[in-house]
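A short write-up of the structure that comes next.
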Amino acid sequence: ATPTAVMVATGVGASQGVLIKGGHALESAQKVDCIVFDKTGTLTIGKPSVVNTRLLKNMVLREFYDYAAAAEVYSEHPLAKAILEHAKKFHSEENQIWPEARDFLAVTGHGVRAKVNEKSVIVGNKSFMLSSGVDIPIEASEILMEEEDRARTGIIVATDQEVVGIISVSDPIKPNAREVISYLKSMSVESIMVTGDNWGTANAIGKEVGIERIIAEAKPEQKAEKVKELQRSGRTVAMVGDGINDSPALVSADVGLAIGAGTDVAIEAADIVLMKSNLEDVITAIDLSRKTFFRIR
Ligand code: ADP
Ligand code: MG
């Protein structure tokens, strides 16, 4: 393609809300044969909300949510926002104050810990409970599995080293996610999902969107490692993500695509920004590249 053709294509992309940061990104996009998708905020809407609560101890919901919300109050995580939003429902409009939290600690990919009303409160996933020395009763494990099978994330709440309940959070998939994955398949592009969320929820979401290859419970470096592993096997890899935890993988990929509504760090790390945050524009970008470089397949 001539420099003029590249310039025209970049302009066409921009007019459609697909920001291509250079000729190299445009050229690489036509060679892509597999795409690694982040789950939360990329395949899903990214606005989780509480859909169910299961109490295991003799405690009223309001008291339970006071502990959970107090512990999550300093967390930036979308799951924390969902818990706080729900906890408000147990308080009147003018009395939305939680007990004071001290010694707050957030552990990436695991959850939060804080001291609330002289109790030590831990909110997070199974591996966080295990590493904190909290036993998970069989009843709780069963609830977690049930919820994960329904594509929900189960968050465990423990006070003084004892599991007191489970909060189920749902983050629905984007309405066109399944269609986009299926269309990519027809373009001979394979889709893979990587997520920090647990295996059960990841598999259930995979089924909903039509992705078979899944890597769950992945830390940011492991997301990037997966991209590199695919590259070593000869694939040309695109990565689509929205979070800080996706940035290493966005940088490693042959083409990194950021969701426009995502974090600044992800947008910075990407080669292409999908300004409308529409998954369909992954196809727009590949199409534009294929047309510009006249690749015959
Ligand atoms: P994702 O790829 O889904 O954004 P994260 O690495 O942010 O993954 O989080 C992984 C998991 O860690 C979450 O699914 C949740 O179980 C747990 N977790 C992380 N932060 C929190 C929090 N503030 N409160 C409760 N659980 C959390
Ligand atoms: Mg995400």
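The values are calculated or read from the model by the stated rules, or taken from the named source; none is laboratory data. As the structure is a prediction and not an experimental result, all values here were calculated from the model. Glycine also receives a Cβ, built like all others from the backbone with ideal geometry; neighbour counts cover every protein chain displayed.
Some observations on this one:
- Taken over segment 115-146, the criterion of being in contact (Cβ under 8 Å) with a residue 24 or more places away in the chain, of a type in the set (D, E, K, R) and outside any helix (DSSP H, G or I) is satisfied by K119, D135.
- Residue match in segment 178-191 (condition: part of a strand (DSSP E or B) and modelled with pLDDT of 95 or more): yes
- Residues located in segment 132-152, provided they are closer than 24 Å to A101 by Cβ and either of a type in the set (A, V, I, L, M, F, W, C) or at pLDDT below 95 (or both): V134, I136, A140
- The lone criterion from (1) crowded, with 18+ Cβ neighbours inside 10 Å; (2) within 16 Å of ligand 2 (Cβ to nearest atom) left unmet by K81 is number (1).
- Residue count, segment 152-167 (criterion: surrounded by fewer than 21 Cβ atoms within 10 Å (Cβ to Cβ) and either within 17 Å of the chain's Cα centre (by Cα) or under 25 Å from I259 (Cβ atoms) (or both)): 0
- Residue match in segment 62-69 (condition: among the small types (G, A, S), in contact with a Leu (Cβ under 8 Å, 6 or more places away or on another chain), away from ligand 2 (no atom under 16 Å from the Cβ) and under 30 Å from E139 (Cα atoms)): yes
- The single condition from (1) at pLDDT below 95; (2) over 19 Å from G46 (Cα atoms) that F104 fails is (1).
- Cβ-Cβ under 7 Å pairs, at least 6 apart or on other chains, segment 71-89 side not assigned by TED's automatic domain parsing to the domain that holds D242, far side among the aromatic types (F, W, Y) and in a helix (DSSP H, G or I): H86/Y65; A87/Y65
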